[in-house]
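Notes follow once the structure below has been shown.
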Amino acid sequence: MARRAFPAAWSWRWTAMRGRTEIASVAIEGEDIADAAIPPAPAAPAPVSAGTADALSPGKKPAEKTEKAEKTREVKNIRVDIRRLDQMMNLVEDLVINGGRLKQIAKMYQIKEMDEALNMVSRSVSDLQNLMMNIRMIPINQIFNRFPRVVRDVAHHDGKEVEFTMTGGETELDRSVMDGLSDPLLHLIRNGVNHGIEKPEEREKAGKARKGTLTLSARREQGNVIIELEDDGYGIERDRVLAKAIERGLVTKEAADHLSDDEVINFLFQPGFSTASEITDISGRGVGLDVVKSTIESLNGSIKVKTTPGKGSRFTMTLPPTMAIIDVMMVRINGRRCAIPINAVVEVASADLRTVHRIGGSEAIMLRDEVLQIYRLEEMFGNRTMSEIVVVVQYKGRKCCIPVDVVEGQQEVVVKPVSNVIGSCRGVGGVTIPGDGDVVPVLDVNTMV
């Protein structure tokens, strides 16, 4: 076959979304290309609609159109790494500490003008701190929206009909709390469909609608966030839970008859406890509710269960909106300050610590006909105090008392995690740094009672 002859000179026409310089550089890289001429492309006329034609009429200024276009391109939201917010929060806390030190200097040298100026700065820093905390808050819908599909999948797997409703998704939580809440809620919802809701035939025999209901709600109440998961299914049978608890050796048959309903329900949160008769892909392994409870408590929250056999169950979780800021009672022990979370304080009372009773290896006092163990903080504060003031604290229904010298009052503080060295001291959950720059340990009542 004869080879086809090409002309000595020929041209290409390219249409591309690139600049002239970039196209030229590509063309000139060809080995047999002697010249590359790229004339500027003529500007294509933009289509003119009726509205646009009116806008370009002699009575209108082109600048107005440009301003409107720029406004439509304004960025309303940006994504920020949570670590940057933490760094900013640390800087704000440094401002609080340094402001407190300056206040001490102003007070020491009696500089009135400086003290007044620092009060204004403190208000601004406080506003900035609150703003930073609000930036970390996100609506709980971000995790709620994952659950309708979970309900559909589990209901389909079990052959059940479930109507799932959600309310209060606009309720806001701190990002750190939200991250820890996702898995516990997922487990409770799967349990609610798998264990709680009956199959359609069973519901009809019991006089219920074929379709069961599962409701997930959130709301703010007294400074906390309340999340509830409620179903209209089987409910939890006391006798069935007790039988399993006796079988596992968690309680004797004689003692079981004297347990309250709440004490029986608490067996469900024991590691490895399950009332399921068979193991499935979804439940029956006894892994879950104990993890749910420990996770909720690690978020400084609590979980309660109310149930009526044949009518359903309700799981109620109470959580702080943020883990970083809490209300505390400031006290002094042997001259050192420490903070006790207000939600753990039952009362402040007077007691004669000279009449201490020894029970086993512990010390206890009688207060209003109740025996309270004394929790002393020698590991942190050295010698024992002979104060007649005790702060009674409570966790999970168990109480103890802490001898203190002085109760200074209540305040809102930012809690920071402790280092490995301080964290080895039992009873300390974190530290806070008030305006005077002092490092104050925050007690962890969970590990004390």
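Please treat every number below as a calculation from the coordinates, not as lab data. What you see is a predicted model; the values in this text were computed from it and never measured. Every residue, glycine among them, receives a Cβ derived from its backbone with ideal geometry; neighbour counts consider all protein chains shown.
Brief remarks on what is shown
- Relative packing of 188-198, 329-339, 128-138, which averages over residues the other C-beta atoms within 10 Å, highest first: 188-198, 329-339, 128-138
- Other residues whose C-beta falls under 13 angstrom from the C-beta of Val414 contribute a net charge of -4, scoring Lys and Arg +1 and Asp and Glu -1.
- Long-range amide H partners of Leu173 with built H, under 5 Å: Ile138, Ile140
- Placing R0 at 25 angstrom, the Cβ-Cβ distance between Val121 and Val80 gives a FRET efficiency of 0.45 after rounding to 0.05.
- Local electrostatic count at Thr213 - Lys and Arg +1, Asp and Glu -1, tallied over other residues with Cβ under 9 Å: -3
- Förster radius 22 Å - calculated FRET efficiency between Leu128 and Arg175, Cβ distance, rounded to 0.05: 0.75
- Glu370-Val406 pseudo-label distance in nm [points 7 Å out on the Cα-to-Cβ vector]: 2.8
- For the pair Met114 and Ser350, a Förster radius of 41 Å applied to the C-beta separation gives a FRET efficiency near 0.50, rounded to the nearest 0.05.
- Taking the square roots of 5 times each eigenvalue of the Cα gyration tensor of the range 107-228, largest first, gives ellipsoid semi-axes of 50, 13, 10 Å.
- The residues neighbouring Val393, those whose beta-carbon lies less than 10 Å from its own, together hold a net charge of +1 under the Lys/Arg +1, Asp/Glu -1 convention.
- Considering the range 83-139 at the alpha-carbon level, its Rg and Dmax are found to be 13.7, 48 Å.
- Scoring 221-231, 345-355 by mean Cβ neighbours within 10 Å over their residues and listing the highest first yields 221-231, 345-355.
- Under the combined filter of DSSP loop state and at most 16 neighbouring Cβ atoms within 10 Å, the range 140-188 retains these trypsin sites (Lys or Arg not before Pro): Arg146.
- With both labels modelled 7 Å from their Cα along Cα-to-Cβ, the Arg248 to Asn90 distance reads 4.2 nm.
- Overall Cα dimensions of the range 139-319, principal axis frame, Å, largest first: 47, 38, 29
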